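Scroll down for the structure; my scribbles are underneath it.
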Amino acid sequence: MLLSTLYIVGITAEAMTGALAAGKQKMDWFGVMLVASATAIGGGTVRDILLGHYPLGWVENPQFLVITCVAGVVTTGLAKWVVKLKGLFIRLDALGLIVFSIIGTKVAMSMGLHPFICMVSALVTGAFGGLLRDLICRQTPLVLHKELYASIALAASGLYLTLLELGLTDIVATSATLVVGYLLRMAAVRFKWCLPSFHFESEEPLH
Amino acid sequence: MLLSTLYIVGITAEAMTGALAAGKQKMDWFGVMLVASATAIGGGTVRDILLGHYPLGWVENPQFLVITCVAGVVTTGLAKWVVKLKGLFIRLDALGLIVFSIIGTKVAMSMGLHPFICMVSALVTGAFGGLLRDLICRQTPLVLHKELYASIALAASGLYLTLLELGLTDIVATSATLVVGYLLRMAAVRFKWCLPSFHFESEEPLH
Amino acid sequence: MLLSTLYIVGITAEAMTGALAAGKQKMDWFGVMLVASATAIGGGTVRDILLGHYPLGWVENPQFLVITCVAGVVTTGLAKWVVKLKGLFIRLDALGLIVFSIIGTKVAMSMGLHPFICMVSALVTGAFGGLLRDLICRQTPLVLHKELYASIALAASGLYLTLLELGLTDIVATSATLVVGYLLRMAAVRFKWCLPSFHFESEEPLH
């Protein structure tokens, strides 16, 4: 129930930031709705396709897709305000990431999959929406260069699984993961944490 | 039966325009066949994957994939003629869009899905082939900037669903949707109808 | 058993070349692991999604995904050595292509699909990992321009199917396909065999 409410907040916020990315590419309303929806529910869609978890969330609950499309189009009229509320959106984005990670973990657990795959499921749910957004908008995918999402999705998922393993109830594990994950993500943003990166120059391609 | 015949005409025409896009990228024959097939049957493939509607059309009926590959390679020898027949191809493309939309609607209906999802299914079937073509060819996706496809796919699907709801037989609803949708699409091309677009400039990224 | 061993060798080698491609884009470790895994097991993943063959290989056997992620990260420290061993990697890549093609053929056969679809399944398994790598790294897909993969995957698959049809045992057909396919691929590399390509220039887009 808590998670469902936060999920709707999360996809709305993600759809709004997705719409801004579409606006930078001067897309029309269809493009705006597509990028908004891909950003918000694309990660969960890729996860469900990889796991063979049908029907997809938005196919079973079309209102999720309606929310992301409406949020996208509304954003075209509110772009200035959204930019002014940047601090709020960074917070909502952090919350959304943890909510998506917990949901991704739960979906894989409900299918009886290995804990490692549960964590990968969290990562895909949390980080692949932004990857899809950048691919459709033909931007260099941020998630591959400035690590702020994937590791935190993995950490949140691992924490959640550990707390359940320790015998805590689902509501306690969920709440604790939300708080710790949110703080971790905000710290990563503030202190600009990032993974080491790999620079490789070569004249000769290997493939 | 009518729809099956028109479907084969539609995928052939789409495959030929896809092959020309591959030719602009100087692709080899494999690239030509891939882009031709993605343009023609990629939309239906994405739809079936999203809906979990297996087996895919071309897996069950491999002749569809043979048709798109052959149409693609044949186009490499006929490119000049295809360009001269531009008016015919615009008409076939309009016809194909409506045929794809009706088929997409029917597939989702046969799975008992919500009418809104049936319309999304039509849109994906009709518009995502071109999106895939542009992603593989590394072109700015036309469908996101110059709206000529997605809205008409939605309108055709909505009309078809409404006519069935009003109690018309499938053949009447299909024929009426084909005629009205085709004229709508040709009007959109002629009068350069387009959706409003969203331009957004900002120094600071939100994500 | 032979095929399983060679499969692990193949995905390790592919993951290492994928990691170098990520390094050219200055990706972080998450990007390196994603591109390494997409290159090595992305072709099989796309095949399984297209065929509806669930669960995916790496979901059922998470160790495959662990191998590709570890191989990717290890490569960041060994890049110089990998480049020096270029000749070895070209050989491993050739071997991997044939192993992937045989596995792709076998998966489609086990689902009772048409021989043409079995060959397409081999092609997707063998060639789509590199296509995914180039799409994520925003490179012009090599596989669409310099045909060294797709035709050989098709030929290997066709040979394997023919040998089985002639009544040979699976181990004999597999071994013969491995040897012939490997030599064919190395000949294609050495003699720079390629498919004819299609260049098309036009002012007016058809779509």
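Considering only the label points, 7 Å along Cα→Cβ from Cα, what distances in nm to one decimal separate B:V9 from the same position in each other copy, shortest first?
When each copy's label point is compared with this one, the spacings are 5.5, 5.5 nm.
Which is the longest run of chain A containing none of the GluC sites (Glu not before Pro) found in DSSP loop states (not H, G, I, E, B) with at most 15 other C-beta atoms within 10 Å?
Working: sites that count: A:E201, A:E203.
Between exposed loop sites, the widest span is A:1-200.
How far is B:C194 from the same spot in each other copy, in nm, shortest first, if each label point sits 7 Å from Cα toward Cβ?
When each copy's label point is compared with this one, the spacings are 3.5, 3.5 nm.
In debye, nearest 20, what is the charge dipole magnitude of region B:10-88 about its Cα centre with +1 on Lys and Arg Cβ and -1 on Asp and Glu Cβ, if you could check?
440 debye
Starting from the eigenvalues of the Cα gyration tensor, five times each then square-rooted, give me the equivalent ellipsoid semi-axes of region A:40-159, largest first, whole Å. Don't jump to the answer; show the numbers that get you there.
On the way: eigenvalues 123, 62, 35 Å².
Output for region A:40-159: semi-axes of 25, 18, 13 Å.
Debye calculation, C-alpha points only, no solvent: report log10 I(q)/I(0) for chain C at q = 0.11 Å⁻¹, in the same order as the q values.
-0.51
What number in nm² do you get for region C:48-94 if you take the convex hull of its Cα atoms and divide its surface by four?
Details: hull surface 17.6 nm².
It is 4.4 nm².
Which percent of Cα-Cα pairs in region A:90-131 sits in each 10 Å bin, short to long?
Using 10 Å bins, I get a P(r) of 35, 49, 15, 1 for region A:90-131.
Counting other C-beta atoms within 10 Å, which of B:I67, A:I98 has the fewest, and how do the rest follow? Before the final figure, lay out each step's value.
Numbers: B:I67 20, A:I98 30.
Ranking B:I67, A:I98 by Cβ neighbours within 10 Å, fewest first, gives B:I67, A:I98.
If amide H atoms are built 1.01 Å from N in the plane of the peptide, which residues on other chains or at least 5 residues away come under 5 Å of the amide H of A:D28?
B:H145, B:F198
Dipole magnitude of the protein assembly as shown about its Cα centre, charges +1 at Lys/Arg Cβ and -1 at Asp/Glu Cβ only, in debye to the nearest 20?
Details: 42 positive and 36 negative charges, 264 e Å.
So the dipole magnitude of the protein assembly as shown works out to roughly 1260 debye.
In chain B, which residue puts its Cβ closest to the axis that turns chain B onto chain C, and how many whole Å away is it?
B:I49, 4
Among A:S4, C:S121, rank each residue by its count of other Cβ atoms within 10 Å, from fewest to most, as a rough exposure measure. Don't jump to the answer; show the numbers that get you there.
Values: A:S4 10, C:S121 29.
Arranged by neighbour count, lowest to highest, A:S4, C:S121 become A:S4, C:S121.
Can you give the translational diffusion coefficient of region B:12-53 in µm²/s, computed by Stokes-Einstein from the Kirkwood radius over Cα pairs at 37 °C and 0.692 mPa s? Before the final figure, lay out the partial values.
Working: Rh = 10.5 Å.
Translational diffusion coefficient: 314 µm²/s.
Say each of B:K192 and C:R190 gets a label point 7 Å from the Cα, pointing the same way as Cα to Cβ; how far apart are those two points in nm?
5.8 nm
Name the most mobile residue of C:L88, C:L20, C:L97, meaning the one with the largest mean-square fluctuation, in a Gaussian network model of chain C with Cα contacts below 10 Å.
Among C:L88, C:L20, C:L97, the largest GNM mean-square fluctuation belongs to C:L88.
Among C:K26, B:K106, which comes first, second and so on when ranked by fewest other beta-carbon atoms within 10 Å? List each step's numbers first, then the result.
Numbers: C:K26 15, B:K106 20.
Lowest count first: C:K26, B:K106.
Which residues in region B:1-41 place their backbone N less than 19 Å from a point set 7 Å from the Cα of B:S175 along the Cα-to-Cβ direction?
The answer is B:1-7, whose backbone nitrogens lie closer than 19 Å to the label point.
If I take every Cα pair under 8 Å that is 6 or more residues apart in chain A, average their sequence separation and divide by the length, what percent do I get for the relative contact order? List each step's numbers first, then the result.
Numbers: 278 pairs, mean separation 45.6, N = 207.
Once normalised by length, the contact order is 22 percent.
If the reach is capped at under 16 angstrom between alpha carbons, list the lysines near B:K24, excluding any in the same chain fewer than eight residues apart.
B:K80, C:K146
Per residue, how much space in cubic angstrom lies within the convex hull of the C-alpha atoms of the protein assembly as shown?
Details: hull volume 99.3 nm³, N = 621.
Residue-normalised Cα hull volume stands at 160 Å³.
List, shortest first and in nm to one decimal, how far the label point of C:R91 (7 Å from Cα along Cα→Cβ) is from its counterparts in the other copies.
6.1, 6.1
How high is the relative contact order of region C:90-207, in percent, counting Cα pairs under 8 Å that sit 6 or more residues apart? Could the numbers behind the result be given before it?
Working: 122 pairs, mean separation 32.6, N = 118.
That works out to 28 percent.
Share of Cα-Cα pairs in region C:1-96 beyond 23 Å, in percent?
Details: 1016 of 4560 pairs.
The share of Cα pairs beyond 23 Å in region C:1-96 comes to 22 percent.
Using only alpha carbon pairs under 8 Å that are at least six residues apart, calculate the relative contact order of region A:1-117 and give it in whole percent.
Numbers: 116 pairs, mean separation 42.1, N = 117.
Taking the mean separation of contacting Cα pairs over the length of region A:1-117, I get 36 percent.
Under a no-solvent Debye model with one identical scatterer per Cα of region B:108-188, what's log10 I(q)/I(0) at q = 0.10, 0.26, 0.27 Å⁻¹?
Treating every Cα as an identical point scatterer, log10 I(q)/I(0) equals -0.28, -1.22, -1.26.
Greater than 32 Å separation of Cα atoms is the criterion. Which listed pairs, A:K26/C:K192; A:K84/A:K192; A:K26/C:K86, meet it?
Values: A:K26/C:K192 42 Å; A:K84/A:K192 21 Å; A:K26/C:K86 44 Å.
With Cα atoms farther than 32 Å apart: A:K26/C:K192; A:K26/C:K86.
In region B:155-207, what trypsin sites (Lys or Arg not before Pro) fall in a loop by DSSP, with at most 15 other Cβ atoms inside 10 Å?
Loop-located and lightly packed - B:K192.
Every number here is computed from the coordinates shown, using simple stated rules; none is lab data. What you are looking at is a predicted structure, and each value in this text was computed from that prediction instead of being measured. All Cβ positions, even for glycine, are placed from backbone atoms using ideal geometry, and neighbour counts span all protein chains on display.
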